[in-house]
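As structure tokens, the structure follows; a few thoughts come after it.
Taken together, the values in this text are just the output of simple stated rules run on the coordinates, not laboratory data. Since the structure is predicted, the reported quantities are computational estimates derived from the model, not experimental observations. Methodologically, a virtual Cβ is constructed for each residue, glycine included, from the backbone with ideal geometry; neighbour enumeration extends over all protein chains shown.
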Protein chains: 2
Amino acid sequence: MSAMSATATPTYDALMAQCARMARLEHLQAIAVWDRATQMPPKGNEARAAALAELSALLHRMRTEAAFGDGIVRAEQEPLSDEQRADLRELRRRWDADTALPEALVEQGALAGARCEHAWRSQRPANDWAGFLVDFRPLLANAREQAARQAERLGVSRYEALMARYEPGLTCATVDRVFGEVRQWLPALVQQVVERQRREPLLEPVGPFALPAQRTLCERVMRLLAFDFDAGRLDVSAHPFCGGVPEDVRLTTRFAEHEFLSALMGTVHETGHARYQQRLPRAWLARPIGQPRSMAIHESQSLSFEMQLGGHPGFVLQLAPRLVEAFGAQPAFAPENLQRLLTRVKPGFIRVDADEVSYPAHVILRYEIERALIEGEIEAEDIPALWDAKMMELLGLDTRGNHRDGALQDVHWPSGLFGYFPCYSLGAMYAAQWFAAMRRALPGLDARIEAGDFAPVFDWLDTHIWSQGSRWTTEELAQRASGQALDPAHFKAHLQRRYLG
Amino acid sequence: MSAMSATATPTYDALMAQCARMARLEHLQAIAVWDRATQMPPKGNEARAAALAELSALLHRMRTEAAFGDGIVRAEQEPLSDEQRADLRELRRRWDADTALPEALVEQGALAGARCEHAWRSQRPANDWAGFLVDFRPLLANAREQAARQAERLGVSRYEALMARYEPGLTCATVDRVFGEVRQWLPALVQQVVERQRREPLLEPVGPFALPAQRTLCERVMRLLAFDFDAGRLDVSAHPFCGGVPEDVRLTTRFAEHEFLSALMGTVHETGHARYQQRLPRAWLARPIGQPRSMAIHESQSLSFEMQLGGHPGFVLQLAPRLVEAFGAQPAFAPENLQRLLTRVKPGFIRVDADEVSYPAHVILRYEIERALIEGEIEAEDIPALWDAKMMELLGLDTRGNHRDGALQDVHWPSGLFGYFPCYSLGAMYAAQWFAAMRRALPGLDARIEAGDFAPVFDWLDTHIWSQGSRWTTEELAQRASGQALDPAHFKAHLQRRYLG
């Protein structure tokens, strides 16, 4: 076949060319979003919002134009390889979800979310639940309508339709099975760990910790984690995130002078996301199968870094001398004390401050509430009573009347983001499952980590997760990487070994 | 008329909506270009180039689609205000120029320019004129072809067609008149000034000058020049520029430890560009008349800041204490010495290092050569001999065999950028003309500048230049601002007063 002759898969090829065009425009979107969070002066905000909205609308038109959908149908008839079929599987899924929603409904939802989120910024500190309800009700109504339309198109339940935006194929049956198991043993485990840790001595690091030293420390730890600074940056933003594009990953953290561990471990977390992005398969970058698999899998990478590796005694041994170098010596930087600091369990009101043991309780509570909300089983005004009951049941905490540190604490619901919360804890469980698989494959793994050699961890993740992009469904990926579907027993075993071993 | 009723100018309105869409996409382009120069790690380059090319192609399609051209014709029949007619004048001009070029010719030119510029980076240090010619000939051929097509469409000469990209309406007759006058008195004036300055004592500042102190100094001077840091930033790039968007102006400089005046005065120069951008009329931002008038007018702002104001004794008086604060006291920072440093005249090979007196010689030489090149009166191999003769005639310098510091010194020709050079010196002449008009309108101007009050300068520029955007042609703007067309006599008078007064 000469270079000029027509391919046997002209429609598939045209679809891929269109995907590449969209990826190039999404590149500009990613950089402009990163710039807004890290560089943009305040008076640039309005013009930037308009510019980003213009590009979003353009990308939406490209994703939903009829010719694109027709192309998918025609390409499905072409003689494709398995990998090419996987590309179409991803395109089909996105096309179905995107075209199930009338544009006006999406715009109305974006507006309602912007309004509710803006009001929430002052309602949260004011503990103003009643005020919040006023803006939240129309937003919830819109989310339910979107969920209903996508559920009908995709043939799943309404809440599943929203979860599918972040974790395609995830069913409530799976989440119920997994969270149902965890619910059985988690409250007792939390209490056991708290009881045991009560007897341990613990030294708090003494600040202040100069910001330039913190920044240098974070960059050194990122290098330890093999982040490629020729293909990415570390910057500062109000809310840490990992953005940019695979060829140029932009991650952020935030620093405070009185405390350095949050910024540091936040950076370790984002570095997990970042390495997944940096190591996505280069040959597939513009193709659907070259994208990260899903948000639960993404979180499984950040939590492999922050929790599985970050709480490992071998990582702590590497960290200790770097802290001394950054801030000078102090007793709190002794490895055994550092280890206790990094694995201290303390049930609290706030999800983002939670330790890895009590964290799933926060997620299970939110899952149960938002699922019932979207399915129409409860109304917005029912949230506080459910919140109070579940916090008492799962973590033994009294949250009555404290909306500020209760249902008003997260930005997700005020922004209209439903169905994401399960990904956080599924990610933690996948991370435990990956490390269990790693240990089976590499019997000397822990000894190597303790000797400061993290390469086996990175190599395993690269081979089994990063290099696979979206080649497989999440379930296939889990099977191929670990020989089984998601099993929370690995997470339980991890917690028992680390916290009760 | 109710809000829902149709306007009397539906086509004009649709054109403006399309202009707003393009401006929003150009916003993302500007930020991505700035990011590439200031933030992007090396491995991001290839993907960024592809992303920017995608957006350029998209914008080109939007600018040249037939419906847009038809819209201009139909809108010209609508009942429009004078301002709206000025919008159409700008659209018509751009449309004619953009659609005169076949896409393949533009792409071929971009490729030839990229190839020539890339080779030039090593040919220049190697003084390799013969090697340069190999890549430059096809680039020149392409530029001539583009010039011929645009000249035919616009009804101007070939070189005028290229100048029109930067300075619409500028004729060779005007440039010949202006440069012809300057040519008469410049060589003698340069020699006179050099002779006079030979007798003056001059102290060089003694470094090193710490980079953070230089940066703080530049920011303080930018504040002195009323740059709005809530609507812009200062960063570092290899080649200083002023980018971003009017609501968020991104300017850059570059620092060297051994010498601070280049970075500082480069920053003053870019701040002139930046304030023009920041003060463009807000109500017209998305409209053609809301854009900067032209590159000669843009340069007239940067040179108003760097040369007219930056070399003024009143500015030097403000600068001196800030230098002491940044670097500690030293004899070179005495205002009289600083004044001499900022106004030292020394003919040299390199345009970008030239003082304001000898600078026009560099531009006149390039104008005469590139005009003849584009018109086909000479060939590329004729350049060195012409260069040598003109450098000897204008500045008394022998450049024979020194291509590195001769025709290979600028990035313009290797990039295929012809027709821009005149803007630099026309900008310097307009700047002198603006200050002459200011002095006529405000008799106490110099006393106020000497007292450290620059507000009258900013107010005059704001009223007469910045707030006018592209409301008028350059010639109309000059008439309205200064009562006359461009007259180099003001520039001559400025040089005589400052250097021989």
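Miscellaneous remarks
- Share antiparallel - DSSP beta bridges, chain A, percent rounded to 5: 50
- Scattering curve values for region B:1-85, log₁₀ I(q)/I(0), Debye with Cα scatterers, q = 0.25 Å⁻¹: -1.19
- Summarising the label geometry, the points placed 7 Å from Cα in the beta-carbon direction at residue A:105 and residue B:467 lie 5.0 nm from one another.
- With Cα atoms defining each centre, region A:156-178 and region A:314-388 are spaced 24 Å apart in the structure.
- Ranked A:172, A:218, criterion: other C-beta atoms within 10 Å, fewest first: A:172, A:218
- Farthest toward positive dipole pole in the protein assembly as shown [+1 Lys/Arg, -1 Asp/Glu at C-beta], among B:274, A:469, B:133: B:274
- Phi angles of region B:489-501 translate, via the Karplus equation with coefficients 6.51, -1.76, 1.60 and θ = phi - 60°, into HN-Hα couplings of 4, 5, 5, 4, 4, 4, 5, 5, 5, 6, 9, 10, x Hz per residue; Gly and Pro are given as x.
- Contact order relative to length of chain B, as percent, for alpha carbon pairs under 8 angstrom and 6 or more apart: 19
- Over region B:1-85, relative contact order from alpha-carbon pairs under 8 Å, at least 6 apart, %: 56
- Efficiency of FRET between residue B:137 and residue A:85 - r from beta-carbon atoms, R0 41 angstrom, step 0.05: 0.25
- Convex hull of alpha carbon positions in region A:63-137: directionally averaged projected area 7.1 nm².
- Remark on the protein assembly as shown: hydrodynamic radius 32.4 angstrom, per the Kirkwood mean of 1/r across alpha carbon pairs.
- Antiparallel bridges, percent of DSSP beta bridges restricted to the protein assembly as shown (to nearest 5): 50
- Distance between the C-alpha centres of region A:451-465 and region B:5-39: 47 Å, rounded to the whole angstrom.
- Cβ-vector label at 7 Å, residue B:183, separations to other copies in nm: 9.0
- Sorted by Cβ density within 10 Å, fewest first, the residues A:449, B:378, B:350, B:31: B:350, B:378, A:449, B:31
- Size of charge dipole - region B:1-85 - debye, nearest 20, with Cβ of Lys, Arg +1 and Asp, Glu -1, no other charges: 380
- Charging the Cβ of each Asp and Glu at -1 and of each Lys and Arg at +1, and nothing else, the dipole of region B:236-384 about its Cα centre rounds to 780 debye.
- With the helix formula -39500 (n - 2.57) applied to DSSP H stretches of n ≥ 4, chain A reaches a computed 222 nm mean residue ellipticity of -20000 deg cm²/dmol.
- Partner aspartates and glutamates for residue B:390 [C-alpha distance under 17 Å; skip if fewer than 8 residues away on the same chain]: B:176, B:181, B:368, B:370, B:377, B:379, B:381, B:382, B:398, B:405, B:410
- Sites residue A:70 and residue B:219 - FRET efficiency at Förster radius 60 Å, r taken between beta-carbons, to 0.05: 0.60
- Among B:95, B:120, sorting on how many other beta-carbon atoms sit within 10 Å of each Cβ, with the fewest leading, yields B:95, B:120.
- Taking every alpha-carbon pair under 8 Å whose residues sit at least 6 apart, region B:416-501 reaches a relative contact order of 42 percent.
- A Cβ-based charge dipole, computed about the Cα centre of chain A with Lys and Arg at +1 and Asp and Glu at -1, lands at about 580 debye.
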